[in-house]
Amino acid sequence: MALQDPIPVTYTVVFPHGCYIADEVEPVKDFDASSNGRFVQARDKQTAELVWQVAVVDGDPTLKPAQKTVAVKILAPVQPVPPRPMPGLPFTPVEFNGITITPYVNAASPGRPAYSIKIREMYAPRQTAQPAQHKASAGRDAA
């Protein structure tokens, strides 16, 4: 069985350690339609929506440096606005919703699979609960 359509996945499957915006959101060029200095923005083949792109840094500490940055394509009628930068952080944390991946064979690395990541929504990470205090420190505080 060959998969023909993009595969829906969750954010935590693709970025279990989180990810961070590394560049500006930019329109993706339709290389077939653009010519003679005239820029034509790409449209998604399934939805016909405009395609935008942003580079993100994967927070996985086990990745090699060359594997850390990945381009994420965003399907949206207008240019998406990334979350506001967080004071004191060099990169802006981000989460995505409506994620699909499309596997393909990378011509630059024959035999190695690659994935195109498309998303529908980009937003600031949700607040998470604070970690519970360590029992040893809780015992010290009670004494």
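Numerical summary
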item: Cross-chain or 6+ apart pairs with Cβ under 7 Å, region 28-42 first and under 20 Å from A71 (Cα atoms) and without any contact (Cβ under 8 Å) to a residue 12 or more places away in the chain, then among the charged types (D, E, K, R) and part of a loop (DSSP other than H, G, I, E, B); result: V40/D30
item: Top-ranked residue in region 74-113 [being hydrophobic (A, V, I, L, M, F, W, C) and under 19 Å from V28 (Cα atoms); ranked as surrounded by the fewest Cβ atoms within 10 Å (Cβ to Cβ)]; result: V78
item: Qualifying residue in region 82-92 (condition: touching a residue at least 40 places away in the same chain (Cβ under 8 Å), farther than 16 Å from P125 by Cα and charged (D, E, K, R)); result: no
item: Number of positions in region 23-41 that are assigned to a loop (DSSP other than H, G, I, E, B) and more than 23 Å from V94 (Cβ to Cβ); result: 9
item: Any chance K64 is over 16 Å from the mean Cα position of the chain (by Cα), under 18 Å from V28 (Cβ atoms) and either in contact (Cβ under 8 Å) with a residue 60 or more places away in the chain or loosely packed, with under 10 Cβ neighbours inside 10 Å (or both); result: no
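Bear in mind that the values in this text are calculations on the coordinates, not laboratory data. These figures come from a predicted structure and were not determined experimentally. So basically every Cβ, Gly included, is an ideal-geometry build from the backbone, and we count neighbours across all protein chains shown.
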